[in-house]
1. Between the range 85-136 and the range 40-68, what is the C-alpha centre distance in whole Å?
2. Could you work out how far apart the two model spin labels at residue 5 and residue 132 are, taking each label as a point 7 Å from the Cα in the direction of the beta carbon, and quote it in nm?
3. Please name whichever of 63, 112, 75 sits farthest to the positive end of the charge dipole of the chain, dipole taken about the Cα centre and charges placed at Cβ: Lys and Arg +1, Asp and Glu -1.
4. What does the extension gain come out to for residue 18 and residue 108, with contour length at 0.36 nm per residue minus their alpha carbon separation?
5. Treating only the Cβ atoms of Lys and Arg (+1) and Asp and Glu (-1) as charged, compute the dipole magnitude of the chain about its Cα centre; round to the nearest 20 debye.
6. Each residue of the range 11-23 in order: what ³J(HN,Hα) in whole Hz does its phi give by Karplus 6.51 cos²θ - 1.76 cosθ + 1.60, θ = phi - 60°, with x for Gly and Pro?
7. Starting from the Cα-Cα distance between residue 59 and residue 99, subtract it from 0.36 nm times their residue separation and give me the gain in nm to one decimal.
8. Label residue 27 and residue 117 with points 7 Å out from Cα along Cα→Cβ: what is the distance between them in nm?
Amino acid sequence: MSLLAKIDQDLKDAMRAKDADRISSLRMLKSSLKYAVIEKGGGAEDGLSDADIISVVRKRIKQCQDAVEGFVKGGRPEQAEKEKAEMTLLESYLPAGLSVEELSALVREAIAETGATGKAQMGAVMKVVMAKAAGRVDGKAVNQEVQKQLG
């Protein structure tokens, strides 16, 4: 089952269960997916690959994280909890993340592959690692590991 089909099925299930919070979160995700299709040049949602969908889900999670921070600062803990619940739902659509050891090994391979010797080649290493990780790791974590290994 494709990721898009899973999201559609989960939305139908949430509607049947009358779970307003899940319905709202999934509709927001579907809306973000439609915007991604438009950015890509039109067509149908079927034109999105799983990698594209994962990218959209990561963006939505980042938006939720920012919203949680804002609600906590603004003294609205009930809204922050709602955003955290949405983040948990969205994270269920992401592939299993890489462990620290797996990430470290990927970075070592990329450094060897690119022949990087210092921070000047960091971009090339990051590009190789992000391609091999295929959405299973956050760019910030990759950046930190590359910096650590390139010294």
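1. First find each Cα centre; the distance between them is then 19 Å.
2. Each label point is offset 7 Å from its Cα along the Cβ direction, giving 3.2 nm.
3. Of 63, 112, 75, it is 75.
4. Working: separation 90, 0.36 × 90 = 32.40 nm, distance 4.85 nm.
Contour length minus the Cα-Cα distance gives 27.6 nm.
5. Numbers: 24 positive and 23 negative charges, 59 e Å.
Dipole size: approximately 280 debye.
6. My calculation for the range 11-23 gives 5, 4, 4, 5, 5, 5, 7, 6, 8, 4, 5, 5, 4 Hz in order.
7. Numbers: separation 40, 0.36 × 40 = 14.40 nm, distance 2.13 nm.
So the chain would gain 12.3 nm between residue 59 and residue 99.
8. Calculated label separation equals 5.9 nm.
Read-outs throughout are calculated quantities, based only on the coordinates presented, and are distinct from any laboratory measurement. Keep in mind that this is a model prediction, so the values were computed, not measured. As a convention, Cβ positions derive from the backbone with ideal geometry for all residues, glycine included, and neighbour counts pool all protein chains shown.
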